[in-house]
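Contents: one structure, followed by commentary.
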Amino acid sequence: MRGFVVEKLAHPSKIPLTTDIPEPKVGSGQVLVDVYSTGLNFFDILQSQGKYQNQPPLPFILGTEFAGRVSSKSPLPTGCPYKPGQRVFGAAQGAFADVVAVEWEKLIPLPDNISFDQGAGLFVTWPTSYEALVGRAELKAGEWVLVTAAAGGVGIAAVQIAKALGAKVIAAAGSPSKIEVAKKYGGADYGVNYSTPGWQKEVLKITGGKGVNVIYDPVGLINDSLKCIAWKGRAIVIGFAAGTIEKVPMNIVLLKNISLVGLHWGAYTQKEATRIPVVWKELLDLFASGRVKPVTYTQTWPLERLAEGLGALERRETWGKAVVKVKEDDSAKVGAKL
């Protein structure tokens, strides 16, 4: 089969597609999934270079998020509810390939109204945004939410979730075009450009001088955003896509009576596993209702051009979820029903 095998740590642009690797062997409790679409993440770029917190031993196949079908060649472990050909999505090391081995308990049925391309970007981004806003910030209807990098994968999910929960959303992004994406596809109420000096004054103006109740920040703009946070506001630390881990002046936390809240969704498997199915049930109910909808970038890349897709992601050219199409959907065109 085909796959992006990392034999020596290097930038993805230096890693060729291997076309003759054996299909993965299943371990205990695992099934084989034929990958139809796979999601691109910044951490893929880091992992290929040995710079990510989760580094499998060399050699390894790159990629994590995917959507596809349970393989007809797959064994079905005891207790596994899935059938050959069933549409699923999930995450496992080695998703940039034709076939991936994954623990069946880490698979989720792909809803009928969601395509493989859309499903390829669900497993990491959507529960991250949902748990951040609902579980950590305890967002309430009518509150103001500021989402930074609002046109990105987790950002546009956060915009949609906040809107679905009845919040008023201000999308912050680095260009007018990305602000427009957050409004058009995410449903944001307002937009501000954080590359413009003093953008926080615009946020204060929009909120009638009170500031935002919740800040959702995957970029590393907490300090800047605290200039427009409301009394008793909650600032959620999602990540540091800009590359700098901030140091927050704690006197501001004290004087504004605010909370700094972290969200590391990946740690829930070890720390709070019972919360995971709760989050997914509530998310799947939202998808079924049509109140939220996964947003993918307008361009997809074939597997052999994966490095191009990761390059576009790295240069901040994409919005929504960037996706590589591994094989064409062989079922009725789901996209026509969306």
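The values are calculated or read from the model by the stated rules, or taken from the named source; none is laboratory data. Being a predicted model, the structure only gives us computed values, none of them experimental. For neighbour counting, all protein chains shown are included, and Cβ atoms are generated from backbone atoms with ideal geometry for every residue, glycine included. Note: accessible area is taken over every heavy atom of the protein model, side chains too, but ligands, DNA and RNA are not part of it. Shrake-Rupley method; radii C 1.70, N 1.55, O 1.52, S 1.80 Å.
Residue check: residue 284 meets all listed conditions (1) open to solvent by 40 Å² or more (accessible area, probe 1.4 Å); (2) over 19 Å from residue 90 (Cβ atoms); (3) outside any strand (DSSP E or B); (4) not acidic (Asp, Glu) but one, namely (2).
Let's see how each residue does on (1) under 18 Å from the mean Cα position of the chain (by Cα); (2) open to solvent by 10 Å² or more (accessible area, probe 1.4 Å); (3) free of Cβ contacts under 8 Å to residues at least 12 places away in the same chain:
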position	(1), (2), (3)
194	no, yes, no
197	no, yes, yes
231	no, yes, no
237	yes, yes, no
244	no, yes, no
257	no, yes, no
261	no, yes, no
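Among the conditions (1) free of Cβ contacts under 8 Å to residues at least 60 places away in the same chain; (2) of a type in the set (Val, Ile, Thr); (3) outside any loop (DSSP other than H, G, I, E, B), the only one that residue 45 does not satisfy is (1). Within the range 78-111, restricting attention to residues that are more than 27 Å from residue 20 (Cα to Cα) and touching a helix residue (DSSP H, G or I) at 6+ places or on another chain (Cβ under 7 Å), the residue that is surrounded by the most Cβ atoms within 10 Å (Cβ to Cβ) is 110. Restricting to the range 116-152, what's the tally of residues that are open to solvent by 20 Å² or more (accessible area, probe 1.4 Å) and either in a helix (DSSP H, G or I) or over 23 Å from residue 192 (Cβ atoms) (or both)? Result for the range 116-152: 7.
Could you name every one of the strands (runs of 3 or more DSSP E) located completely within the range 167-272 that has at least 2 residues being of a type in the set (A, V, I, L, M) and touching a Lys or Arg at 6+ places or on another chain (Cβ under 9 Å)?
Numbers: elements: 168-173, 190-193, 212-217, 229-237, 259-262.
Counting at least 2 such residues, we get 168-173, 212-217, 229-237, 259-262.
Which residues, counting only those in the range 96-120, are among the polar types (S, T, N, Q) and out of contact with any Gly (no Cβ under 6 Å at 6 or more places or on another chain)?
Step one: of the range 96-120, the residues among the polar types (S, T, N, Q) are 113, 115, 118.
113, 118 - these are the residues of the range 96-120 that are among the polar types (S, T, N, Q) and out of contact with any Gly (no Cβ under 6 Å at 6 or more places or on another chain).
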